[in-house]
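Report on the following structure.
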Amino acid sequence: MFTHQFQKRRPETSSNRHEVTPRLHSMRKDGWTWLPVSAENCVGFGVDQLRDDNLETYWQSDGSQPHLVNIQFRRKTTVKTLCIYADYKSDESYTPSKISVRVGNNFHNLQEIRQLELVEPSGWIHVPLTDNHKKPTRTFMIQIAVLANHQNGRDTHMRQIKIYTPVEESSIGKFPRCTTIDFMMYRSIR
């Protein structure tokens, strides 16, 4: 098993490669533990590729289905959207066709909140992590299970995974939205 830490990052702006819902924080690199538990990872295609912001790289499973990626938080965290990048043209039989998203406090009480059927996906898949009243989910853990692949493929490719949390209003007041290139250069803390 591999364990990686992630840091929080502010939302990205829309571009031709990413379409991100406004008013959400992108959670990355701090407070996360990534555990690909389905099987051995192929060398050079590990969990690092899920978070490298490069759509040309990918995590590849090696084993029987379901292929699982477990994301654990250090404390109970409010999450609103899960985004997965998939590209059928590049990955063909390695592309997931059926995905289950589960949340819970630990491995023993995971509850499925979404099941997706994907038909030759190309681009970002936005999975709402909200209840029936559009309220964000509070959880310690998210599990992504690849239940089936296109063309009955055995192993799976996942190119990118991002998780977004709602933006909390500041106690000082609302800040203006920074949209210029100069402001965006300094929008995250390293």
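The values are calculated or read from the model by the stated rules, or taken from the named source; none is laboratory data. Values in this document were obtained by computation on a predicted structure and should not be read as measured data. These area figures cover heavy atoms from the full protein model, side chains too; ligands, DNA and RNA do not enter into them. Shrake-Rupley method; radii C 1.70, N 1.55, O 1.52, S 1.80 Å.
Put Ser90, Ser97, Ser61 in order of accessible area, largest first, 1.4 Å probe: what do you get?
Final ranking, largest accessible area leading: Ser90, Ser97, Ser61.
Mind running the shape call on the stretch 52-141? Use the C-alpha gyration tensor, a ≥ b ≥ c as the square roots of the eigenvalues: rounded below 1.5 for a/c, prolate if a/b tops b/c, oblate otherwise. Verdict is prolate for the stretch 52-141.
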